[in-house]
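What follows is a single structure, written as structure tokens, with notes after it.
The values are calculated or read from the model by the stated rules, or taken from the named source; none is laboratory data. Predicted model, so just to flag it, every value in this text is computed and none were measured. Here Cβ is always computed from backbone atoms with ideal geometry, including for glycine, and neighbour counts include all displayed protein chains. Please note that ligands, DNA and RNA were not included when accessible areas were found on the heavy atoms of the full protein model with its side chains. Shrake-Rupley method; radii C 1.70, N 1.55, O 1.52, S 1.80 Å.
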Amino acid sequence: MTDHGREIAARLKETFYAYTNRLARNQQETMGPSEIGSPCDRRIAMSLLRVAPVNPGGDNWASFVGTCVHAGLAEMFLWANAGTGRYAVEVPLKFPSAYVPHGTGDLLDRTLCMFLDHKLMGRWSLDKLTTKGPSPTYRVQVHTYAYGAQLKGEKIDHVAIIGWPREAGTLDDLYVWTEPYDPSVAIDALKRVERIGERVKALDSIGGPATAARQFDIAEDCRFCPFHAPKDDQGERGCNGKR
């Protein structure tokens, strides 16, 4: 790359970072269904405590691509709906929880009585979905969307996670995981957040966010945790992944 090219690249990145850092997903003020299935109590507690993320997990490019693909898929299913009412996209949902009051689900198929969640996946993630099924986080997320749709009066029999291949040039590797809808998956997850939230309130009033967060158990899902700070031995900025 020439010096002129490097200068242009730097300006493009600056524009991209400024734009993506202001997107709604990065400015979310309450927890959503995508977070509550984490097996780590401490991660949920730190979200409720509004601890500032210290592990951004990249430069927003992957999430930006995912957002763009989601927007394109929404347009595709609106077109496929053709006024029939079969599909609903970007479905606004409400939940009976002070900590997780609302969310937006990707796709409702009223003909199949199914709620579907789009996931744009790299090779490793797609292989894992194919061989082992979804993570607890993804599974809870789609069941919670389905629960919100049921509360709106929709009939839901099944849930699905669609693994769209991010790195492939075709849809040959498209994979869809399904299972019967189980409202208890969502209800149990929401109750768990409520329990953690009430405990957070009591602990935060005594020692502040950092002290409160250290009282919660952790799980082995640190890699993409926004609060993971492995060198923070005292837990002053984030979580070092230790009990």
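Annotations for the structure displayed:
- Apportionment of accessible area to carbon and sulfur, the chain, percent (1.4 Å): 54
- Net dipole in debye of the chain [+1 Lys, Arg Cβ; -1 Asp, Glu Cβ; about Cα centre; nearest 20]: 480
- Bridge orientation summary for the chain: considering DSSP beta bridges with both residues in this region, about 65 percent are antiparallel.
- Kirkwood Rh and Cα Rg combined as Rg over Rh, evaluated for segment 31-99: 1.08
- Taking the Kirkwood radius as Rh and the Cα radius of gyration as Rg, segment 1-121 has a ratio of Rg/Rh equal to 1.05.
- Sparse-neighbourhood loop sites, trypsin sites (Lys or Arg not before Pro) in segment 126-226 - DSSP loop, at most 11 other Cβ within 10 angstrom: Lys155, Arg223
- Normalising the average separation of contacting C-alpha pairs (under 8 angstrom, six or more residues apart) by the number of residues puts the relative contact order of segment 65-186 at 22 percent.
- Residue-normalised accessible area of the chain, given per residue in Å² at a 1.4 Å probe: 58
- Thr211 sits with roughly 60 Å² accessible to a 1.4 Å probe, with DNA, RNA and ligands left out of the calculation.
- Estimated [θ] at 222 nm from DSSP helical runs (n ≥ 4, -39500 (n - 2.57)) normalised by residues in the chain, nearest 500: -14500 deg cm²/dmol
- For segment 191-203, 3J(HN,Hα) per residue [Karplus equation, 6.51 cos²θ - 1.76 cosθ + 1.60, θ = phi - 60°, Hz, x = Gly/Pro]: 5, 4, 5, 4, 5, 5, x, 5, 5, 4, 4, 5, 6
- Along the chain, longest interval not containing exposed GluC sites (Glu not before Pro), exposed being DSSP loop plus at most 13 other Cβ atoms within 10 Å: 30-166
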